[in-house]
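Visitor: Have a look at the structure that comes next, please.
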Amino acid sequence: MFSFGRENTGLVAKWWRNVDKQILFLFAFLLLLGLFFSFSSTTSVMSEKMNKETYFFFIRHLIFVSISLFLLVVISIQEKRKLTKFLPIIFVISILLLSLVPIFGIEIKGSKRWLEFLFLPRFQPVEILKPFFILIIAKILTFNSGKNIHKKYIETIETEKNGGLNIPDLEPEYYTLKKELRNKFLFLIFIIEL
């Protein structure tokens, strides 16, 4: 049996002692609830219309839930220093992927928001950028915390100008992204001020 006591210094035991179990179980509950609703809403009529298997959407949802749970555990097990070391790299990669959308993006329902590569499922690069933008802003605010706090706010506001991106307003979704990121940034500053 697994022992998660203080004498066990294994990676999984340390993770289990330090993880916020309430958030972890609520997250798992929401994923399982989504699976339940996906299973219960899958009908044979819809699958026949789309020429898919009866439980195609449920199985697809199950695969993505499994991948997300695996990534949740793998990322949360990592040390904080490792994650903050790769944070700027992933942020730059997500901005580069977002800049590829106007060129190589797939148009769905009149707008280009998706990228599709041969080895990856179709995805929206903006969804990768959002959490890393918040983490970069938090890193800027906490970097050298003993220094002048007002200088950090000015640096952060400079980063936040135009939603943190220098992308012209070619499509309405970029304006929405800028507005959404700006609102998240202002909320973050409000919380920090409390």
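The values are calculated or read from the model by the stated rules, or taken from the named source; none is laboratory data. Remember, it's a predicted structure, so these values are computed and weren't measured experimentally. Glycine also receives a Cβ, built like all others from the backbone with ideal geometry; neighbour counts cover every protein chain displayed. Remember, those area values only see protein heavy atoms, side chains included, never the ligands or the DNA or RNA. Shrake-Rupley method; radii C 1.70, N 1.55, O 1.52, S 1.80 Å.
Visitor: In segment 65-79, which residues are part of a helix (DSSP H, G or I) and open to solvent by less than 80 Å² (accessible area, probe 1.4 Å)? First the steps, then the outcome.
Guide: First, the residues of segment 65-79 that are part of a helix (DSSP H, G or I): 65-77.
The answer is VAL65, SER66, SER68, LEU69, LEU72, VAL73, VAL74, SER76, ILE77.
Visitor: PHE119 - would you say it is open to solvent by 50 Å² or more (accessible area, probe 1.4 Å), closer than 29 Å to LEU30 by Cα and not in a helix (DSSP H, G or I)?
Guide: Working: open to solvent by 50 Å² or more (accessible area, probe 1.4 Å): yes; closer than 29 Å to LEU30 by Cα: yes; not in a helix (DSSP H, G or I): yes.
Answer is yes for this residue.
Visitor: I need the full set of residues from segment 37-55 which are part of a helix (DSSP H, G or I) and touching a Ser or Thr at 6+ places or on another chain (Cβ under 6 Å), in order please.
Guide: Here is the first cut: in segment 37-55, the ones part of a helix (DSSP H, G or I) are 37-41, 44-49.
Those that are part of a helix (DSSP H, G or I) and touching a Ser or Thr at 6+ places or on another chain (Cβ under 6 Å): SER44, SER47.
This table checks each residue for (1) assigned to a loop (DSSP other than H, G, I, E, B); (2) modelled with pLDDT of 85 or more; (3) surrounded by 14 or more Cβ atoms within 10 Å (Cβ to Cβ).
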position: LEU141; (1), (2), (3): no, no, yes
position: GLY146; (1), (2), (3): yes, no, no
position: ILE167; (1), (2), (3): yes, no, yes
position: LYS178; (1), (2), (3): no, no, yes
position: LYS184; (1), (2), (3): no, no, yes
position: ILE191; (1), (2), (3): no, no, no
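Visitor: Is segment 100-108 home to any residue that is open to solvent by 70 Å² or more (accessible area, probe 1.4 Å), in a helix (DSSP H, G or I) and at pLDDT below 75? Break it down stepwise before answering.
Guide: Our first condition is that a residue be open to solvent by 70 Å² or more (accessible area, probe 1.4 Å); within segment 100-108, this holds for 103-104, 107.
Keeping just the survivors that are in a helix (DSSP H, G or I) gives 103-104.
Among the residues that remain, those that are also at pLDDT below 75 are: none.
No; the residues of segment 100-108 include none that is open to solvent by 70 Å² or more (accessible area, probe 1.4 Å), in a helix (DSSP H, G or I) and at pLDDT below 75.
Visitor: With the requirement that a residue be surrounded by 12 or more Cβ atoms within 10 Å (Cβ to Cβ) and either β-branched (Val, Ile, Thr) or at pLDDT below 80 (or both), what does segment 48-59 give you? Reasoning before the result, please.
Guide: Of segment 48-59, the ones surrounded by 12 or more Cβ atoms within 10 Å (Cβ to Cβ) are 52-59.
LYS52, GLU53, THR54, TYR55, PHE56, PHE57, ILE59, listed by residue number.
Visitor: So which of LEU97, LEU83, LEU62 is part of a helix (DSSP H, G or I) and either polar (S, T, N, Q) or open to solvent by less than 60 Å² (accessible area, probe 1.4 Å) (or both)? Break it down into steps so the answer makes sense when it comes.
Guide: On the way: LEU83 fails: either polar (S, T, N, Q) or open to solvent by less than 60 Å² (accessible area, probe 1.4 Å) (or both); LEU62 fails: either polar (S, T, N, Q) or open to solvent by less than 60 Å² (accessible area, probe 1.4 Å) (or both).
Going through LEU97, LEU83, LEU62 in turn, the sole match is LEU97.
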